[in-house]
1. For residue A:253, indicate whether it is at pLDDT 95 or above, in a loop (DSSP other than H, G, I, E, B) and surrounded by fewer than 18 Cβ atoms within 10 Å (Cβ to Cβ).
2. Has the stretch A:121-128 got any residue that is at positive phi and part of a loop (DSSP other than H, G, I, E, B)?
3. With the requirement that a residue be in contact with a helix residue (DSSP H, G or I) (Cβ under 9 Å, 6 or more places away or on another chain) and farther than 18 Å from residue C:81 by Cβ, what does the stretch C:116-140 give you?
4. Can you name every residue in the stretch B:37-48 that is free of Cβ contacts under 8 Å to residues at least 40 places away in the same chain and at negative phi?
5. Restricting the stretch B:56-79 to residues that are in contact with a strand residue (DSSP E or B) (Cβ under 9 Å, 6 or more places away or on another chain) and assigned to a helix (DSSP H, G or I), which is farthest from the other protein chains (Cβ to nearest Cβ)?
6. So which residues in the stretch A:628-655 are crowded, with 19+ Cβ neighbours inside 10 Å and out of contact with any strand residue (DSSP E or B) (no Cβ under 8 Å at 6 or more places or on another chain), if there are any at all?
7. Select from the stretch A:783-802 the residues that are in a loop (DSSP other than H, G, I, E, B) and surrounded by 13 or more Cβ atoms within 10 Å (Cβ to Cβ) and list them in ascending order.
8. For the subset of the stretch A:306-357 comprising residues that are assigned to a helix (DSSP H, G or I) and loosely packed, with under 15 Cβ neighbours inside 10 Å, which member is nearest to the chain's Cα centre (by Cα)?
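The values are calculated or read from the model by the stated rules, or taken from the named source; none is laboratory data. Here the structure is a predicted model, which is why all the values come from computation and not from measurement. Ideal geometry is used to build each Cβ from the backbone, glycine not excepted, and the neighbour counts take in all protein chains shown.
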């Protein structure tokens, strides 16, 4: 929706017509300007009259506002309009409407006089405004109470509620912001002149300074979030309802106001209890440190200095919260009635102070963590680990924290690194110590005569430059996706995958050219087969795996779908494992070549780089094997009817398969197994409802093929994750997030152990099974987000005796 | 009025500025988009106007000593609204075309 | 009673299931509004109902008791989705509190699905709050799967699941007529789709 202020034009025709209003005390005539497109919001001059005795009806002369052009004529068409609609005139269901106005648009309309929709609706006897007087003197305890409540609402806003339901319900904030002050001295809890006896006292001045800094902080938050390439409406409400949050005023103005307030409170002439005095000062200091940390102008190098000082003040605020006394009247939902609003009214959000402080602490901790990004080694794989780990933090980082990190990530200092970030990534997998990336290739100049073929080494450089250029956008898209909220991350990854799919097709051609050049130079054995496509493929498969794992994490799959989705995950990870295997082999070949040529240093370098690739290989191996083991146990659980399985009268297996595979169906090379193959994998013993008798024979024998395959997969998974753990975070290019990486790796190992327990439980339960008998166990699926899973995306069933 | 006549009459107001007064004393100014048999009216680009409360007027009068002291009406943007026919107390058409101008709405 | 539309002996009161018709607007629209606005937290104006009922009244089914009182209702639409498939959408479902747990909502949804299938729907979608177990169960029993989680989807801040039921094979690969790969950008200027309009939580029988 366009900014409504654009519709205003306060210099044009003003009409002075008579409107009648009535209220509880009797009716009065008021004369106002209502040429509706021409009124400066809430400031249009209007004339009310009231006789000194109890507002009897009075007619008063109108003051004509200056006019330009012809004044609109006002016609009362009530009677004829009504006649045209009603009676026998219009048919039931007949609409007289603008042909360009669709019913679809109409669903967004707010219904006036419906209390659920109309934010301006007053219940009978309800007044428009509260009679709370923001100039009434405050007790020191009340000052603390108001500050703490403001902080609670600020945090509620951070979690996604609009300002209209949170901070803008404060009468104090409302007074500071409306009517819009032209200068900071004008931003008071009153406007214009005021008699000395009404002038706010010290504590109100202190509250004002606190509120001003709070509002400026909101402005900074909005600026940071809007500065991102991409943010989601569902995450955060940037709407300020036509209020301007001191956008133009620099930070030092607010810091000065806070400093002055600290001085006033410190002043011994102010009679106030010592504990309360320091509680107020702590809140002012908190506000100051927090505002400094939010300052978007803060230079990258010193960002990390700003978050640690906030924390001790938060603790002090927490410790002294009970000193405060709430002032309920100072917050009112009625303020919504004056805010430009195209949405239904919503109640004030209820937030517990403790929850708000937790949110605040989390915000500070996440932002402080984000500042560590700038200390990472210039390595895109370290960046990716950091982004993924940050996005996986629990509780999920708030929109502001995610924006904060992306603002660091997209800082020119990071993006304009001296090395090409995508190329560094490619190099780590397929081009270590490779002649393709030999710097001398970039030093060659093309032959003067364009008819003479370019030297092959120059072609290496040109081919690589061109390809890296093409990779740029999809590469950044992956990073952008990693900065979204968890739900969107999964959806966005499916789009990013499509772009990488095209990159992979491009890579096939570039690889052919690279190999041709290598052949000309007689160094074919020094260049890996299909290097670029191998690299893209590894990245693309990783993303597909993540989409599936995120699906488990978000409870997208129903229990009887688990076997199919873990089967598919295992297939993807197996393919990635194969591609990584080729990288490892190439690396080994290169080492041997260097040794043969007595290039010992190069041999050592190449061999050193093996750790990263092998760690990736072990990771893929672990995922592939563990997913396979889970697929196995869920398949058995399905046959044993231990999973809820709806009868689904409107669906078929094939339709559900198609729905699940939708995002991957068009990928090249084809990643999705054909339906028949998929179904055969999930039903190795025939249909679930009528399995082959051999199922029971196999289940009874703990060393049958079905069980030994599961056992072997689990063992392979354990071994692989243990190897990953031995490599450690740094070798795996996750050194910047070592702690979280260790935790995740440990979580995978713990999941393996839990699955081992489940397998043993199930084996035991079926050791005497007959087709006619059931089993005396049930399967429990640990719920998401309840700390019942070692790693959220890996759902290890629990076998519980009945 | 028969259906053809009624439709023609109401169609004239489509896209035109209307002010709708509601049973609670508010006024909504916006462009008419749609109406029906029940006189439910959809207005687009709408502003809500509300008379100042008696308290506010009393204060203004007290403070200025002037019994016809100017007091602001409250107005705000509310966008696209439906005003149910049962709450419509008055419909005004804001005509800014000159008399005799072609295309003029016949009120 | 004695009416042959009466279902099983378990029904205390014989319910009739009828398709909405525009000619019945004056009788049923106020009742539908009342039933839905009572049950659902998200507010809708009369035009929200008109949007659905004027265009897809034949996809609206009502459960009426013997006194012709409205007990339950399902409201849907069906139109080509910009991504290609002919998509049905279950917008609202409500059953009077006193009559829940009797399968009325399931019956209404089944009738709506059958009607959309008759009209050649490729898929049927809806959103429901992630915490609404009754609603999830109802749809998942019929064959719906969760396709995505939508963060803070409703005005009250709650997340939703998008549920989808494919009706025909080949739906996943459907593209809008005349659209080649890479042309998706042209679709950006389209008006906001219903699915992106905040709202329409599903109420459901308490199973």
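1. Answer is no for this residue.
2. Yes: one or more hits.
3. C:128, C:129, C:130, C:134, C:135, C:138, C:139
4. B:37, B:44, B:46, B:47, B:48, listed by residue number.
5. Of all residues in the stretch B:56-79, those in contact with a strand residue (DSSP E or B) (Cβ under 9 Å, 6 or more places away or on another chain) come to B:56-57, B:60-61, B:64, B:68-79.
Remaining after also requiring assigned to a helix (DSSP H, G or I): B:56-57, B:60-61, B:64.
On the way: B:56: 7, B:57: 4, B:60: 7, B:61: 5, B:64: 11 Å.
Looking at residues that are in contact with a strand residue (DSSP E or B) (Cβ under 9 Å, 6 or more places away or on another chain) and assigned to a helix (DSSP H, G or I), I get B:64.
6. A:628, A:629, A:630, A:631, A:632, A:633, A:634, A:636, A:638, A:639, A:640, listed by residue number.
7. Once the filter is applied, which keeps residues that are in a loop (DSSP other than H, G, I, E, B) and surrounded by 13 or more Cβ atoms within 10 Å (Cβ to Cβ), the stretch A:783-802 yields A:784, A:785, A:788, A:789, A:790, A:791, A:792, A:793, A:794, A:795, A:796, A:797.
8. Per the criteria, the residue is A:355.
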